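Only one structure is covered here, and it is reproduced in the block below.
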Amino acid sequence: MLDPRFKDALKELLAEGAETPFYAYDLGTIQAQAERLIAAFPGVRLFYAVKANPRLFLLRFLRERGFSAETVSLGEVFRSYRAGFLPDEVLLNGPVKPPRVLEALAEAGVPFLGVDSTADLLRIARRLPGARVLLRVNPDLPVSTHPHLATGKGESQFGMLPDAIPEAARKARELGLELMGLHLHLGSALEAPEDFEAGYRVIERLLEEVGPLPVVDLGGGFGLDLDLDALSPRVRAFKARAGEVWLEPGRFLVARAGVLVARVWGEKTTRRRYLLLDAGMSHFLRPALYGARPPVVPLYEGSEEGVFDLAGPACESTDVLARDVRLPVPKEGDALALLEAGAYGSSMASPYLDTPHPAEYAWDGERWLRIRERGRYPDLFAGERL
Ligand SMILES: Cc1ncc(COP(=O)(O)O)c(C=O)c1O
């Protein structure tokens, strides 16, 4: 669904000459999703997962609404600081933190650190003495989501298996780190409250073994239709076992707020009927990478309808953004919106095939703000030598 006012605003932006493809965000939707989270989880500290959409404007928007930032790279930490977050408002997770990263943090300000392995633990203790750390638990579970997103499975590379946690906790304390708590992130796009239960039980059991800790971080992964109120009592129950409960939502906050707008530059029929778009996998990778199929809304009128696959400009068989979409037959240059593109859209866009990054716009209900310029071709070669 596309809010009719937002749809009209998109048409106006196009009429003003905005160059496609571009990303556009409805700030009202982000605001509403933020309010839903805050209402469902009172007293819980919310860290926005920056990877979902790292635009500085959106980071500042969420900080102003009380969010902290969850990051997984040095670049994301720098970006969060640039947006105004303080080290006390940033958590750095991620499976590999080389010495160079830790040295840079010592200079820029040390955030909370998620410890992902023993190697991580020892290196952090050596380079950032006294740092505040959480131990990432690999709960060793099957999870019912796309296999790429199931980070809580025992086979995944993330975190430490439950059996290794008591020893890691002992070591963290012995090495003088400030052990803040345990961290769990089960996967992405989890739609049922029950999906979280088995992981939560692992954390409860571990807390009994390692003793009370100031924080339990239960990660992100909230699917767009997850019933937050059904999950809420279970999350808040952790407050009895730890001083603070933290969550790390990403997709839930921004996915439905964002669209990728593209124009149609042709139609052709092979054994299937295609519309040829000026947006593809370089701009929006999730369809190729995860098989995501975004809903599509035409921003044009037409009486005759057809069923189309939407192909991008890359010479790649995976460069199909949607399949079997019923649409009015477009004219050359008509525009359409790919929905649910606010999360892991812009952030995963790449310069593959020397493609400049699309421009990005935010709509505050009345006017458009250009929050990122379209990438420039000369910048694609910057830093290279002939
Ligand atoms: C550690 C961690 N926290 C939070 C998130 C955010 O997940 P989501 O956008 O599904 O809420 C991710 C996503 O990969 C993650 O790896």
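Being among the charged types (D, E, K, R) and under 22 Å from the mean Cα position of the chain (by Cα) is true for just one of Asp379, Asp324, Asp319, Asp334. Which residue is that?
Only one candidate passes the filter, namely Asp319.
So in region 141-158, with the set limited to residues that are modelled with pLDDT of 70 or more and of a type in the set (A, V, I, L, M, F, W, C), which one is farthest from the ligand (Cβ to nearest atom)?
Leu141
Could you please let me know if Leu161 is within 14 Å of the ligand (Cβ to nearest atom), of a type in the set (A, V, I, L, M, F, W, C), modelled with pLDDT of 95 or more and touching an Asp or Glu at 6+ places or on another chain (Cβ under 9 Å)?
Numbers: within 14 Å of the ligand (Cβ to nearest atom): no; of a type in the set (A, V, I, L, M, F, W, C): yes; modelled with pLDDT of 95 or more: yes; touching an Asp or Glu at 6+ places or on another chain (Cβ under 9 Å): yes.
For Leu161, the condition - within 14 Å of the ligand (Cβ to nearest atom), of a type in the set (A, V, I, L, M, F, W, C), modelled with pLDDT of 95 or more and touching an Asp or Glu at 6+ places or on another chain (Cβ under 9 Å) - is not met.
Scanning region 220-258 for residues that are in a strand (DSSP E or B) and aromatic (Phe, Trp, Tyr), which turns out farthest from the ligand (Cβ to nearest atom)? Give the derivation first.
Looking only at region 220-258, we keep the residues that are in a strand (DSSP E or B), and these are 222, 242-247, 258.
Within this subset, residues satisfying the condition of being aromatic (Phe, Trp, Tyr) are 222, 246.
Values: Phe222: 5, Trp246: 10 Å.
For region 220-258, the residue satisfying everything is Trp246.
Mind listing just one residue for me: the one in region 189-199 that is part of a loop (DSSP other than H, G, I, E, B) and small (Gly, Ala, Ser) and, of those, farthest from the ligand (Cβ to nearest atom)?
Looking at the filtered set, the residue picked out is Ala192.
Is there a residue being touching a residue at least 24 places away in the same chain (Cβ under 8 Å), among the aromatic types (Phe, Trp, Tyr) and more than 29 Å from Gly28 (Cβ to Cβ) anywhere in region 81-88?
No: zero hits.
Checking Leu186 against (1) within 16 Å of the ligand (Cβ to nearest atom); (2) closer than 28 Å to Arg63 by Cβ; (3) in a helix (DSSP H, G or I); (4) in contact with a Leu (Cβ under 9 Å, 6 or more places away or on another chain): exactly one of these is not met. Which one?
All conditions are met except number (3).
Counting only residues that are buried (at least 18 other Cβ atoms within 10 Å of the Cβ) and either hydroxyl-bearing (Ser, Thr, Tyr) or within 14 Å of the ligand (Cβ to nearest atom) (or both), which one in region 82-101 is nearest to Met180 (Cα to Cα)?
This residue is Leu91.
The values are calculated or read from the model by the stated rules, or taken from the named source; none is laboratory data. Because the structure is a prediction, the values reported are computed rather than measured. Don't worry about glycine lacking a Cβ; one is built from the backbone with ideal geometry, like all the others, and counts go over all protein chains shown.
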